[in-house]
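Report on the structure given below.
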Amino acid sequence: MAAKFGTSGLRGLVGELTDGTAAAHARAFARHLIETGQAARGAQIYLGRDRRASSPEIARQCAAALVAEGLKPVECGVLPTPALALHAMGRGAAALMITGSHIPDDRNGVKFYRPDGEIDKHDEAAIAGLAPGLVSDAPTPAAILRDDSAAALAGFVARYRGFVPEGLFAGLRIGLYEHSSAASAALAAILGEAGAEVIGLGPSSVFIPVDTEAVSEETRRLAGDWVAELSLDGLVSADGDGDRPMVVDETGRVIRGDALGLIVARHLDADAVVTPITSNSGIEAGCTADAIRTRVGSPYVISGMTEALQKGRQRVIGFEANGGVLTANPVAVGSARLAALPTRDSVLPILCAFAAARAAGETLSAHVAELALPVAASDRIEHFPTATGQALVADLSGDEDRRLRFFEPLGRPVNADLTDGLRVTLDSGAIVHLRPSGNAPELRIYSEAPSEELALDLIARTAARVCEVAPDYPG
């Protein structure tokens, strides 16, 4: 049972899930729901998936496991994770989403939703504790209660009807990089209903792992070329399960996810924003809302949102550096009345970005420039063993002398934040953050500097330094 919980759900290689491990965790989740009184035997549970080659088989095994524990799975097909969560929560039911999000196709995962939203770390511990005792051969197929695929997708599209004032998006040309995202159909429908001209681009029959937090050079080039060739006002996309947005401005530049989160906070007049330590350090100065910083992962953001509500805040949003936005309260904008959705959503930040820029009479690039955020960048060292990354970060965090030696070619560390990984402020004022990924064998590197060139250079030099001192790194 090598698959394990990361920053958002169970993750592992396909073979580590199809060997009965995903089914065991589904059984454990069902048993946990029943034992805690969140579901009764015979209750419905909603099941969705992304477009990975392995997702139908994992969904089949999980459906059979749920039936074995006395629950009745309802098929929701391929749809965005937030659409599944919305559909299930609206019916007071739990849900399972089969997805590996943005990681490569040789991996996959399962996201778990209680009737009131995402599971938390306590739920994860309970499920992880029960699952080993439930491992067995792959279960036999199970009967599906019914197919709610069309209704779940239609409900998500209807959620945003009226959010954009009539005529605001008139004449707006938006490219949609479809690739293999489960959100492509929903985005096309929502943006089209809002009045934009949507140009579909790049659909793929094979899974493409688009990471909206560390956008690849190939994806940047594709997007930039499309924007220029088609005279687009912007381009949008989402990751595999549609809970993380990608927005490209009219110049072909990718807008960082934390900038999108800040735009949402301002557009919705939030009085509290909750975001991980990896988000831009300028968030606090960029809005009037109280800012709460957390570790990386939606469970931590949701916990912070709950704390904000307990303190009396009434317009609470959360967002991550990948751009996914969560809402803790109902949101009323235009004629739309959005129920609270405490899970990452790619649609809300996309709509807010274009709506805020249009309302201000600005292009996307000009609107983002007005945020005056420090220049930030992020990237990753792929195929970097998780244990190696954890050991390196632990050593640098606990040994000041070693930390000084490691960063000497880059600058002198004057502050170290250990909230999640190691975030160091150098004597130049630049920031470098090292964090082993919780989802895949990768080491994430974040930076802030006076210019994009310097921020990217700082990442490249840090990555080179990591590879010098990490003896177990095969690269």
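The values are calculated or read from the model by the stated rules, or taken from the named source; none is laboratory data. Bear in mind that the values here come from a model prediction, so they are computed numbers and not experimental data. Please note: Cβ atoms are built from the backbone with ideal geometry, for glycine as well, and neighbour counts cover all protein chains shown.
Tabulated values for the structure
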read-out	value
Positions within segment 334-381 being assigned to a loop (DSSP other than H, G, I, E, B) and in contact with an Asp or Glu (Cβ under 7 Å, 6 or more places away or on another chain), in sequence order	S346, T363, P374
Residue pairs meeting the criteria (Cβ under 8 Å; at least 6 apart or on separate chains; first within 18 Å of L153 (Cα to Cα), in segment 333-358; second of a type in the set (K, R) and assigned to a loop (DSSP other than H, G, I, E, B))	A336/R161; R344/R244; S346/R244
Sole residue being at pLDDT below 90, surrounded by 17 or more Cβ atoms within 10 Å (Cβ to Cβ) and among the hydroxyl-bearing types (S, T, Y), chosen from S397, S378	S378
Residue under evaluation A182, criteria (1) in a loop (DSSP other than H, G, I, E, B); (2) out of contact with any Pro (no Cβ under 8 Å at 6 or more places or on another chain), criterion not met	(2)
From the options D427, D417, residue that is among the acidic types (D, E) and over 26 Å from the mean Cα position of the chain (by Cα)	D427
Check on G20, on the phi > 0 side of the Ramachandran plot and buried (at least 23 other Cβ atoms within 10 Å of the Cβ)	no
Boolean, A265 is at pLDDT below 95 and under 27 Å from G90 (Cβ atoms)	no
Helices (runs of 4 or more DSSP H) enclosed by segment 227-323 - at least 1 residues per element that are without any contact (Cβ under 8 Å) to a residue 24 or more places away in the chain and under 21 Å from I445 (Cβ atoms)	none
Candidates S204, S181, filtered to the one that is surrounded by 15 or more Cβ atoms within 10 Å (Cβ to Cβ) and in contact with a strand residue (DSSP E or B) (Cβ under 6 Å, 6 or more places away or on another chain)	S181
Single match in R253, R313, R293 (criterion: closer than 26 Å to E124 by Cα and among the basic types (K, R))	R293
Evaluation of C287 against (1) among the hydrophobic types (A, V, I, L, M, F, W, C); (2) in contact with a helix residue (DSSP H, G or I) (Cβ under 6 Å, 6 or more places away or on another chain); (3) at pLDDT 95 or above (one fails), failing number	(3)
Identity of the residue in segment 85-107, under 15 Å from R244 (Cβ atoms) and out of contact with any Leu (no Cβ under 6 Å at 6 or more places or on another chain), that ends up surrounded by the most Cβ atoms within 10 Å (Cβ to Cβ)	G100
Residue list for segment 416-434, filter: part of a strand (DSSP E or B) and either closer than 14 Å to S378 by Cβ or in contact (Cβ under 8 Å) with a residue 40 or more places away in the chain (or both)	D417, R423, I431, V432, H433, L434
